[in-house]
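The values are calculated or read from the model by the stated rules, or taken from the named source; none is laboratory data. Remember, predicted model here, so these are calculated numbers, not experimental data. We place every Cβ from the backbone using ideal geometry, glycine too, and count neighbours over all the protein chains shown.
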Amino acid sequence: MITLTTDFGLRDPFVGIMKGVILGICHEARLVDLTHEVAPHDVLEGALFL
């Protein structure tokens, strides 16, 4: 299982691209989106999701 927490947002294709790369490497991977709305470069906010 791979959890995803990013500051990518949802307007651009980056989350989908990242998921495609992960699944291209490991077809059996289970992906769980925690959030993609962390404020850009806010390490503390990202850490709070963990």
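Residues are listed down the side, and each one gets a yes or a no for (1) aliphatic (A, V, I, L, M); (2) surrounded by 14 or more Cβ atoms within 10 Å (Cβ to Cβ); (3) not in a helix (DSSP H, G or I):
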position	(1), (2), (3)
Asp7	no, yes, yes
Asp12	no, no, yes
Met18	yes, yes, no
Asp33	no, no, yes
Pro40	no, no, yes
Leu44	yes, no, no
Leu48	yes, no, no
Any idea which of (1) under 9 Å from the mean Cα position of the chain (by Cα); (2) hydrophobic (A, V, I, L, M, F, W, C); (3) at pLDDT below 95 is the one Val43 doesn't satisfy? (1)
Considering the range 20-31 alone, what residues qualify as being assigned to a helix (DSSP H, G or I) and surrounded by 11 or more Cβ atoms within 10 Å (Cβ to Cβ)? Gly20, Ile22, Leu23
